[in-house]
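See structure below.
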Amino acid sequence: MTCLCLSYISVTGDSTNEVTAYSGGGIRIKCKYDDGHETNKKYFCKGESTPCADQIKTGAKHTWVHEGRFSVHDNTSAKVFWVVMRNLTVEDSGTYQCGVDIERWTDTYRPVKLKVNAGEFSSMSSITALLHHTTSSSII
């Protein structure tokens, strides 16, 4: 019998969110955003800073959107969007950004550092990224 266990990591303030997962497994990322951004597009991209290469981006609300190994769901009433990455490989290791697309302004985003270890899948990891608006292009 296989147990699918979830672990939650939540970091606030100026700290970077970090999570370790295993090759072949998956990760669920919870990205919170501020009031007033419910209608904005949400994205998840790979890169040290923004702009970065979108892995998945959507304007859809209250429905799962799937692109390859990525899925995203924006729950506007909770002001959170979920990102799921499946079938992780060691090459997926790196820094990602949970972002809210804000036209004519600087996007809000939060870095998430992912480390994927080689080895058997043992659990799905989960992390919470808290988004805060910034008027500069520096990483929060």
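The values are calculated or read from the model by the stated rules, or taken from the named source; none is laboratory data. Note that the structure is predicted; figures quoted are calculated from it, not measured. Here the Cβ is made from the backbone with ideal geometry for all residues, glycine too, and neighbour counts use every protein chain on show.
Of all residues in segment 2-44, those satisfying the criterion of being modelled with pLDDT of 90 or more, in a loop (DSSP other than H, G, I, E, B) and not basic (Lys, Arg) are SER23, GLY24, GLY25, GLY26, TYR33, ASP34, ASP35, GLY36, HIS37, GLU38, THR39, ASN40. Note on segment 58-82: residues that are of a type outside the set (S, T, N, Q), over 11 Å from ASN40 (Cα atoms) and assigned to a strand (DSSP E or B) amount to 10. Count of segment 101-110 residues, restricted to those that are within 17 Å of GLY47 (Cα to Cα) and either surrounded by fewer than 19 Cβ atoms within 10 Å (Cβ to Cβ) or modelled with pLDDT of 95 or more (or both), is 2.
Tally time: how many residues in segment 76-99 are surrounded by fewer than 23 Cβ atoms within 10 Å (Cβ to Cβ) and either within 20 Å of ALA118 (Cβ to Cβ) or among the hydrophobic types (A, V, I, L, M, F, W, C) (or both)? If you could, list the steps in order and put the result at the bottom.
Here is the first cut: in segment 76-99, the residues surrounded by fewer than 23 Cβ atoms within 10 Å (Cβ to Cβ) are 76-80, 82, 84, 86-95.
From what's left, either within 20 Å of ALA118 (Cβ to Cβ) or among the hydrophobic types (A, V, I, L, M, F, W, C) (or both): 78, 80, 82, 84, 86-95.
Counting residues in segment 76-99 that are surrounded by fewer than 23 Cβ atoms within 10 Å (Cβ to Cβ) and either within 20 Å of ALA118 (Cβ to Cβ) or among the hydrophobic types (A, V, I, L, M, F, W, C) (or both) gives 14.
Being surrounded by fewer than 16 Cβ atoms within 10 Å (Cβ to Cβ), of a type outside the set (A, V, I, L, M) and at negative phi: is that true of LYS41 here? So LYS41 does not fit the description; no. Tell me which residues, restricted to segment 111-133, are modelled with pLDDT of 90 or more and either assigned to a strand (DSSP E or B) or among the charged types (D, E, K, R) (or both). Scanning segment 111-133 gives PRO111, VAL112, LYS113, LEU114, LYS115, VAL116, ASN117.
Figure legend. Inter-residue proximity from segment 48-73: first residues without any contact (Cβ under 8 Å) to a residue 12 or more places away in the chain and surrounded by fewer than 16 Cβ atoms within 10 Å (Cβ to Cβ), second residues of a type in the set (Lys, Arg) and in a strand (DSSP E or B), beta-carbon distance below 8 Å, spacing 6+ or different chains. Indicated pairs: ALA53/LYS46.
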